Every structure is written in C-alpha cells, then in structure tokens.
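Data first, discussion second: the structure below is written as structure tokens.
The values are calculated or read from the model by the stated rules, or taken from the named source; none is laboratory data. The shown structure was predicted, so the numbers you read here are calculated from the model rather than taken from an experiment. For neighbour counting, all protein chains shown are included, and Cβ atoms are generated from backbone atoms with ideal geometry for every residue, glycine included. For accessibility, only protein heavy atoms count, side chains too; no ligands or nucleic acids. Shrake-Rupley method; radii C 1.70, N 1.55, O 1.52, S 1.80 Å.
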Amino acid sequence: PNAMAGNPWAFGFEVGNIAGNLAAGHGFSVSREPGVYIPTAWISPRYPMLLAGIFKVFGMYTLGAAQATLLANCIFQAGSAALLYLMGFRFAGRNAGRAAVIIFLLNPNGWQFLGWAWPSQLFAFLILLHFFVLLLPTKNDVLAASMAAGPFAMALMADGAAIALAPVTVAPILF
C-alpha cells in the first residue's frame with residue numbers, strides 16, 4: 001500500500017488515473033499532464049468507479065485509499081473462493097469444493113494482481129457469480145435469465161472480455 005500512496009499511476013496505472021479524474025469531477029478521462037483531461041474508453045468503467053468512490057471516502061492516492069483498495073480486492077478474491085467451493089460442493093461434494101478452492105489459492109495467477117488497483121479480482125468474482133446463478137435450479141426460464149443477466153452485465157462493466165463468454169452462457173438462456 002505504501003507504494004501506491006501519493007502516486008496516481010501506482011493506483012492501477014490507467015485505472016487509477018481515470019478513477020482520480022472521476023473523483024475530481026473531470027469525468028471518465030485520462031490526464032498525462034496537469035489540467036489536460038482526455039475522454040477515454042480505455043477500460044470498462046466498473047472498477048474505476050469503485051476506486052473513485054474509495055478516493056472520495058479516503059482521499060485521492062492516500063495510504064488509506066490504498067489499504068481500502070487492497071481490502072476490496074481481498075474481499076472479491078474471498079468471494080471467488082467461496083463461489084468455487086459452493087459450485088464444487090453442489091456438483092461433486094465437499095471434497096470437490098475444497099479441491100477447487102485449494103487449486104484456486106495455489107494458482108499464482110490468481111494472486112498476481114491482488115496488490116494492484118486493477119479489476120482482475122472483481123471480474124473473476126462477477127463471472128463466477130454469473131456461473132453460480134446459471135447453475136441454480138429454477139422452474140421459471142424468465143427468472144433464471146433475469147438472475148443470470150445481472151452478474152453478467154456487471155462483469156461486462158468490470159471487463160469487456162466477458163463478452164467472449166456470451167455464446168456459452170447467455171445464448172442458451174435466450175434459446
């Protein structure tokens with residue numbers, strides 16, 4: 001967290017810069033030099049908006065904001081582990097759930113961006129939530145589609161890469 005404090009580019013590089021501009025009232029923009037704000041579509045808006053909220057509460061690029069950001073990432077990571085456990089438990093029992101969590105926790109790729117202000121943990125959590133909701137048994141197709149749409153839409157807002165999953169997860173609901 002100390003490396004993030006006071007440095008806009010250490011707060012997730014582009015993400016932190018966009019979040020700082022949002023929090024300061026300059027819109028969804030990047031700035032390379034003071035006073036110059038360039039509108040951008042560099043990254044999906046969900047995580048910069050979350051960071052902007054953290055900045056409003058804890059101050060921009062402060063140690064408190066860095067700690068809150070890392071705490072949020074840890075919460076999303078823990079939520080992902082919980083969802084993996086629940087899905088494994090539901091389909092193959094307690095041991096499968098435990099194995100899924102152990103593999104997830106031992107995978108270095110899952111931890112790579114935990115210390116960064118970057119949307120990786122939020123995206124993983126929302127995609128897993130989408131799959132979890134898809135796997136819930138329902139008797140009403142409209143209810144199932146509605147429940148699955150929320151997490152998928154949020155995942156799209158966290159990272160546009162979620163669109164690659166649409167043919168696999170959304171199309172079966174529609175057809």
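Go through (1) open to solvent by 20 Å² or more (accessible area, probe 1.4 Å); (2) over 19 Å from the mean Cα position of the chain (by Cα) and name the single condition Gly97 misses. Single failed check for Gly97: (1). Only residues that are at pLDDT below 80, surrounded by 17 or more Cβ atoms within 10 Å (Cβ to Cβ) and not in a loop (DSSP other than H, G, I, E, B) were counted across the stretch 104-143, and they come to 1.
Determine whether the stretch 73-86 contains at least one residue that is open to solvent by less than 20 Å² (accessible area, probe 1.4 Å), at pLDDT below 95, within 22 Å of Phe28 (Cα to Cα) and assigned to a helix (DSSP H, G or I). The answer is yes, given that some residue of the stretch 73-86 is open to solvent by less than 20 Å² (accessible area, probe 1.4 Å), at pLDDT below 95, within 22 Å of Phe28 (Cα to Cα) and assigned to a helix (DSSP H, G or I). Look at (1) free of Cβ contacts under 8 Å to residues at least 24 places away in the same chain; (2) within 30 Å of Ile18 (Cα to Cα); (3) in contact with a helix residue (DSSP H, G or I) (Cβ under 7 Å, 6 or more places away or on another chain) and you find that Ala153 fails only one, number (3). Is it the case that some residue within the stretch 129-140 is under 17 Å from Ala72 (Cα atoms) and within 12 Å of the chain's Cα centre (by Cα)? Yes, the stretch 129-140 contains at least one residue that is under 17 Å from Ala72 (Cα atoms) and within 12 Å of the chain's Cα centre (by Cα).
Looking across the stretch 144-175, the residues that are open to solvent by 40 Å² or more (accessible area, probe 1.4 Å), under 17 Å from Ala124 (Cβ atoms) and not in a loop (DSSP other than H, G, I, E, B) come down to Ala153, Met154, Leu156, Met157, Ala161, Ile163, Ala164, Leu165, Val168. Restricting attention to the stretch 86-108, the residues that are over 20 Å from Leu129 (Cβ atoms) and of a type in the set (S, T, N, Q) add up to 1.
Residue by residue through the stretch 28-39, note down the ones that are free of Cβ contacts under 8 Å to residues at least 12 places away in the same chain and surrounded by 15 or more Cβ atoms within 10 Å (Cβ to Cβ). Listed by number, the list holds a single entry, Ser29. Mind checking whether some residue in the stretch 16-27 is surrounded by 19 or more Cβ atoms within 10 Å (Cβ to Cβ), modelled with pLDDT under 90 and not in a helix (DSSP H, G or I)? No, every residue in the stretch 16-27 fails to be surrounded by 19 or more Cβ atoms within 10 Å (Cβ to Cβ), modelled with pLDDT under 90 and not in a helix (DSSP H, G or I). Could you say which residue among Trp116, Trp42, Trp111 is touching a helix residue (DSSP H, G or I) at 6+ places or on another chain (Cβ under 9 Å) and in contact (Cβ under 8 Å) with a residue 60 or more places away in the chain? Checking each option against the conditions leaves just Trp116.
Of the numbered conditions (1) part of a helix (DSSP H, G or I); (2) at pLDDT 90 or above, Trp9 satisfies every one except a single condition; which is it? Exception for Trp9: condition (2). Ser44: of a type in the set (S, T, N, Q) and assigned to a helix (DSSP H, G or I), yes or no? Spelling it out, it is not the case that Ser44 is of a type in the set (S, T, N, Q) and assigned to a helix (DSSP H, G or I).
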